[in-house]
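Undergrad: Sharing a structure, written as structure tokens. Questions coming.
Nothing in this text is a laboratory measurement; each read-out follows from the coordinates by a stated rule. Remember, predicted model here, so these are calculated numbers, not experimental data. Note that we place each Cβ from the backbone using ideal geometry, even for glycine, and neighbour counts take in every protein chain shown.
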Amino acid sequence: MASSSRTPAVPNPSNVTSAPFIRKPRGLEPPIRRVLAVDPGSRCVRLLLLESRFGKLRLCRQEAIDLQEEGLVSAEELQAHMQATVAHWGRPPLALALPQQIAVSQIVDLPPVPDAEARLLIEAETVKLGGVSESVMVYDFARVPLLAENRQSFWVTFCQEGEIQSRITLLGLDHQEFREITTSANALLTAWHAARPGPRDAVLVHAGAQNTTLVAIRQGVGVFASSFPMAGDFFTRAIARLGRVSLVAAEGLKRSTNLFTGEKTLSGFAEIVDGWAAELKRQLSEWHGTALDPAGEFVATGGAFEQPGLRDYLARHAGLKFQPWPTSNAPAALLPARGFEIALGAALQALGQGRQPASLLPASRRLAWKKHLSRQRLEFLNALLLAACFVALTLGIWQRLNLIESKQALTIKVQAGLGVVQENSSLTRELLSGYVELRPLFERQQATVDTLQALALLQAARSNHGWWCVLIADQQSYFAAPITIPTATTNKPVTEAAAGEFWPRRRELTNAAPARPGLIAELCVPEDADAARTTLSLVVNSLKKSPVFERVDLLSEDLRRVVADPKVILPERHFALALDFATTEFQAAPVRAGRPLPGGRFPAKTGPAP
């Protein structure tokens, strides 16, 4: 384990490309994201398409491209096939898993220092571990839980940019967009965290075709990763040499026959496997500093472990009890096929699911991905804005439709109300027309009743008094008689020639008091002046108490007519009373002189013609 207890010299920044020191969230991204993980091997290229839909991960598709079966011998054929395959899968962003032998993954322990100074220390440690190289070094690191007292631990991964670019060019993916580039060890560690999230110790061993990659885990934290060039092809070549068969036949024997026990035991092959196990133990002892604990948990992945009898032999003779990749606690949507563990880990890290992420994206490709991500965010925001506008427009249309519907309902109610009003008006007109026809009859009937009651009241008022009525007439008939100017000697009617200049004034006075429903009663009171006035007052007060009359008053001299026979009249004791009947519903209320009509108008003066 490399560590740094002193501050080294600051390396040349132009020779080091680092990812952000404090790994931040990826920010606003579309809720549906896809990434295509590429795990290139010497015999097989594995592709895995992983989707994140609103935070829920789903393994969409996985496919293994056997280079020999597909006839992809030359680099040009492989590049053309990979380009066509990526295009057929919809050109999603890529996540590339680099072979571990071209990179270094290491725990670096530093003294407690600020983050900025820790970054400089890690850059210096990266240069020291990487050695002298003309190529730009790409590295990344992530803080891990404390593994030593008073020290800060970082998981550091670095690789030469030239090696990364050569692998991309070999696959023909230069013009594709890369979301993530990591190593097979880091991808394997991320896949293990997804399958076994709890803190435990384990050693992950992936034996592919040409290389064996191992990752040591302590308390759930990856602390060591390494690779050595002994794996499936190494065993195949040994079988071909020991059995003196072709490589194709040796590959068939390796996949179908138990060469460790039984009749088909291959002499010398067990020693080859022992050499592989010894190298594995040496790698782990180099990291651990002591002999390997055989009781530790070993997890086997890769095609080499599919050989019959291999895991049993390693458990019996090498003390390495390999277990298959765990699937019991892993989510059902994240169960890869055998051999796709590295591809799954690369895809998970690309979607931000890694606990110890180590990104080896070169600076140029990181910048290109940031631009792509900015476009995605802009498109996502535009989509959100369009969705919000659509929702607002839908709500507006819905409100308008509700308003139109309510207005239509209100219009229908108003039209129905207008119909009812028109029907009521028609019925009212019919009723009033019938009432108008009957109203004169009721009016005359009421006038007859009032006249009879008035006569009865006059008769009652005359009891115990010596006055008598010389005339009782209705006002219409009374005022229709010619006007007279009372004189001391005569009651003859006054003509226009006799009146002279006083005629217009008399006519105006006459027009001021038109006839009303009621009676005119002329009385003679044969008493002296004071007694006559007292008797007349008693008669007026007695008649006023009756509801039959609206007004009972003396008739002014200018309105009197000469109708009664002068022989029955006492000139000095002759009085005229105006008895106005109370207005009923059959009669219009009389408009008195000087009282304005509605609207501020005064009634016109009317009266009989002179």
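Undergrad: In terms of the ratio Rg/(2.2 N^0.38 Å) built on C-alpha atoms, what value belongs to the range 307-397?
TA: Compactness ratio reported: 1.91.
Undergrad: By per-residue mean of other Cβ atoms within 10 Å, what is the highest-first order of 550-560, 102-112, 341-351?
TA: Top to bottom by mean Cβ count within 10 Å: 341-351, 102-112, 550-560.
Undergrad: Taking Cα pairs under 8 Å and at least six residues apart, what relative contact order does the range 297-437 come out at, in percent?
TA: RCO, the range 297-437: 14 percent.
Undergrad: Could you give me the ³J(HN,Hα) list for the range 50-58, computed from phi with Karplus coefficients 6.51, -1.76, 1.60 and θ = phi - 60°, whole Hz, x at Gly and Pro?
TA: Coupling constants for the range 50-58: 10, 10, 10, 10, 6, x, 9, 7, 8 Hz.
Undergrad: Further question on the same structure: Using every Cα-Cα pair within the range 160-293, state what percent have a distance larger than 22 Å.
TA: Considering the range 160-293, 54 percent of its Cα-Cα pairs are separated by more than 22 Å.
Undergrad: When ASP565, ASP450 are ordered from fewest to most other Cβ atoms inside 10 Å of their Cβ, what list results?
TA: ASP565, ASP450
Undergrad: Right, here's the next one. Rounded to the nearest Å, what's the spacing between the alpha carbon centres of the range 58-125 and the range 511-577? Just the number, please.
TA: 132
Undergrad: While we're on this one: When 1/r is averaged over all different Cα pairs and the result inverted, which Kirkwood radius in Å belongs to the range 92-240?
TA: 16.9
Undergrad: Checking the cross-link filter: which aspartates and glutamates have an alpha carbon closer than 19 Å to that of LYS545, excluding same-chain neighbours under 8 positions apart?
TA: In chain and number order, the partners are ASP450, ASP553, ASP580.
Undergrad: Give the dimensionless ratio obtained when the Cα radius of gyration of the range 357-434 is divided by 2.2 N^0.38 Å.
TA: Against the empirical 2.2 N^0.38 Å value, I get 2.81 for the range 357-434.
Undergrad: What order, most packed first, do the peptides 456-463, 32-39, 311-318 have when packing is the mean number of other Cβ atoms within 10 Å of each residue?
TA: Top of the packing list down: 32-39, 311-318, 456-463.
Undergrad: Determine the equivalent ellipsoid of the range 35-133 by diagonalising the alpha-carbon gyration tensor, then write out the semi-axes as square roots of 5 times the eigenvalues, largest first, rounded to whole Å.
TA: So the three semi-axes of the range 35-133 are 36, 21, 11 Å.
Undergrad: Could you tell me the ratio Rg/Rh of the range 375-417? Both radii from Cα atoms, Rh via Kirkwood.
TA: 1.45
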